[in-house]
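The values are calculated or read from the model by the stated rules, or taken from the named source; none is laboratory data. Computed from a predicted model, the values in this text were never measured in an experiment. Cβ placement follows ideal geometry from the backbone for every residue including glycine, while neighbour counts extend to all protein chains displayed.
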Amino acid sequence: MADQTSLMNTGAGMSIFGLTVRERYKCNIQNASYAGARKALECMQSHVSTTNDDEVLWGTIQQGSTETQEAASGLPAAIVQATLKVKESIITRLQTIQSEPVKAADFKAVLDQQRQSFTDMGEAENKLKKKVEKDGEAVAQMHAAGFVATAADSANARRISTEESLVPLERQVSTGKKLVALPAAINACVAGY
């Protein structure tokens, strides 16, 4: 349609203002806007698909790693915020029909978040390794012959069982690290868009 300027200019709307289709629609910028949005959303989707509801729920109930708990609890909001950023950016780009310049502050914020995420992943890994080791010892002790469980032991056994039903003990450290890294990875997908 952009090449059919004579057809389009016969319409009252654009000919009144003396605009041609190319001046009004700038298809290359619109295509780039949609392509950028699709790329950002596909990137987000690829990161989000590395986890599931059970892992996120497990992360939110973590007492062994506050980094994991905070990241998992904030993950839905991070996804919504990143999606809204893409939505607002595409609306702005299409309303102005011009390319929006990349903001260096966006990349600095993402870099800072990536650095913090790396630090938090190390903390989460250390804490979760200790927790998993302690939980493994507790499970072995509970299965030992002659073990008499106290009320605290029973509560601990229920907690461990609940967590293991969501994420097996042997995957808890790697899952915690992954959850800590996800918000930064999602934000990196929309940086500069």
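Remarks
- Single residue of Val190, Val173, Val180, Val110 found to be of a type in the set (Val, Ile, Thr) and over 30 Å from Val86 (Cα atoms): Val173
- Residue list for segment 109-135, filter: small (Gly, Ala, Ser) and surrounded by 15 or more Cβ atoms within 10 Å (Cβ to Cβ): Ser117, Ala124
- Subset of segment 156-173 that is buried (at least 16 other Cβ atoms within 10 Å of the Cβ) and of a type in the set (S, T, N, Q) - its residue that is nearest to the chain's Cα centre (by Cα): Gln172
- When Val148, Val86, Val110, Val102 are checked against the criterion of being out of contact with any Ser or Thr (no Cβ under 6 Å at 6 or more places or on another chain), modelled with pLDDT of 90 or more and among the β-branched types (Val, Ile, Thr), a single residue qualifies: Val86.
- As a summary of the residue check, Asn187 satisfies the conditions (1) within 30 Å of Ser33 (Cα to Cα); (2) touching a Ser or Thr at 6+ places or on another chain (Cβ under 8 Å) except for the one numbered (2).
- The lone exception for Ala145 - which of (1) in a helix (DSSP H, G or I); (2) surrounded by fewer than 12 Cβ atoms within 10 Å (Cβ to Cβ) it fails: (1)
- Of all the residues in segment 52-88, those that are crowded, with 18+ Cβ neighbours inside 10 Å and outside any helix (DSSP H, G or I) number 3.
- Asp153 being under 21 Å from Glu55 (Cα atoms) and surrounded by 12 or more Cβ atoms within 10 Å (Cβ to Cβ): no
- Verdict on Gly176 being surrounded by 12 or more Cβ atoms within 10 Å (Cβ to Cβ) and in a loop (DSSP other than H, G, I, E, B): no
- Within segment 37-45, the presence of at least one residue that is touching a Lys or Arg at 6+ places or on another chain (Cβ under 9 Å) and either assigned to a helix (DSSP H, G or I) or surrounded by fewer than 18 Cβ atoms within 10 Å (Cβ to Cβ) (or both) is confirmed.
- Matching residues in segment 44-86 - criterion: being among the charged types (D, E, K, R) and either farther than 30 Å from Gln30 by Cα or free of Cβ contacts under 8 Å to residues at least 24 places away in the same chain (or both): Asp53, Asp54, Glu55, Glu67, Glu70
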